[in-house]
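Read through the structure below, which is laid out as structure tokens, and then see the notes.
The values are calculated or read from the model by the stated rules, or taken from the named source; none is laboratory data. Remember, predicted model here, so these are calculated numbers, not experimental data. Positions of Cβ are generated from backbone atoms using ideal geometry, with glycine treated the same way; all protein chains shown enter the neighbour counts. Ligands, DNA and RNA are stripped out before the accessible areas are found, and what is left, the full protein with its side chains, is counted by its heavy atoms. Shrake-Rupley method; radii C 1.70, N 1.55, O 1.52, S 1.80 Å.
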Amino acid sequence: MYLSSEWKSDIFAKHGGAATNTGSAEGQVALFTSRIAHLTGHLKKNKKDFATQLSLQKLVGKRRALLAYLYKKDIQRYRAIIKALELRDIIK
């Protein structure tokens, strides 16, 4: 089920290091990426849902800010999460 605690703990265990490490930037980027994918699918079916469109844009901005932070702090962690989640390199 979407956004269940087991689902979130699986994401954090896979990308954040441990299921309880919910504050890691990698775990949060992975969670945002899965939420973005879910909302994108919803918007493909419901084109006029502008509230969801706004929340999707906010999530993309949050993910971009976290990726920029990782790029500035530790480029190796940034490259690892980009490769693991198959995202484009947005920092130039």
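With both labels modelled 7 Å from their Cα along Cα-to-Cβ, the A18 to Y2 distance reads 3.1 nm.
Excluding same-chain neighbours fewer than eight residues apart, the lysines reachable from K83 by a Cα-Cα span under 27 Å are K8, K14, K44, K58, K62, K72, K73, K92.
Computed from phi, the 3J(HN,Hα) profile of segment 8-15 under the Karplus parametrisation 6.51, -1.76, 1.60 (θ = phi - 60°) reads 5, 5, 5, 5, 5, 5, 6, 10 Hz, with x in place of Gly and Pro. Rolling a 1.4 Å probe across the protein heavy atoms gives the chain an accessible surface of 69 Å² per residue.
Translational diffusion coefficient of the chain (Stokes-Einstein, Kirkwood radius from Cα pairs, 37 °C, 0.692 mPa s): 238 µm²/s.
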